[in-house]
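Written out below as structure tokens is the structure these notes cover.
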């Protein structure tokens, strides 16, 4: 791990709009010599990511709001203070039941690079306008594969 301290105030660092949510990089893979990535997600109702799994473990902490987490076929309702440690290779996704703010840690790092490539730079540090078309899951899956992310095709596709 890098010997450099990372100190960042709220609103600093890269931010992306993707899948109808705001995705902010708190600590990048480059800042940790690839060891971790820490991100904050702000995601409104109806803007769930597709079913996916990661090559490494993922820790998700619910800062605000409520959601239903689908983890390995199990449904878990969560609110502020809930935390999940999800093992590598576990199929999962979440559905916000209110606007949810999450802090997510990925090991190894690199998911920030996925969001940079798959998303678009956020024009403001707020939830983007609601998408007018469904996500291009094939495109997301191709980009995700570069960063240890496996995205499942939605049922019926």
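Read-outs: derived from the displayed coordinates by stated rules, not from any lab. In this text, all values refer to a predicted model and were calculated from it rather than measured experimentally. Cβ: placed from backbone, ideal geometry, glycine included. Neighbour counts: every protein chain shown.
Subtract the Cα-Cα distance of residue 30 and residue 7 from 0.36 nm times their separation in residues, and report this length gain in nm to one decimal.
Stretched fully, the residue 30-residue 7 segment lengthens by 6.9 nm.
Relative contact order for the chain: what percent, with Cα pairs under 8 Å and sequence separation of 6 or more?
Values: 370 pairs, mean separation 45.8, N = 157.
About 29 percent, as a whole number.
If you average 1/r over every pair of different alpha-carbon atoms in the chain and take one over that average, what Kirkwood value in Å do you get? Don't jump to the answer; show the numbers that get you there.
On the way: mean 1/r = 0.0635 Å⁻¹.
Hydrodynamic radius (Kirkwood, Cα pairs) of the chain is 15.7 Å.
For a protection proxy built on the mean count of beta-carbon atoms within 10 angstrom, sort 140-146, 100-106 highest first, please.
The most tightly packed comes first, giving 100-106, 140-146.
What shape does segment 39-80 have by the C-alpha gyration tensor, where a ≥ b ≥ c are the square roots of the eigenvalues, rounded means a/c under 1.5, and otherwise prolate means a/b greater than b/c and oblate the rest?
Judged from the Cα gyration tensor, segment 39-80 comes out rounded (a/c under 1.5).
For segment 51-107, what is the Kirkwood hydrodynamic radius in Å, using each pair of distinct C-alpha atoms?
Values: mean 1/r = 0.0894 Å⁻¹.
Computed over Cα pairs of segment 51-107, the Kirkwood hydrodynamic radius comes out at 11.2 Å.
For segment 8-93, report the convex hull volume of the alpha-carbon atoms normalised per residue, in Å³, without decimals.
Working: hull volume 9.1 nm³, N = 86.
Spelled out: Cα convex hull of segment 8-93, divided by residues, is 106 Å³.
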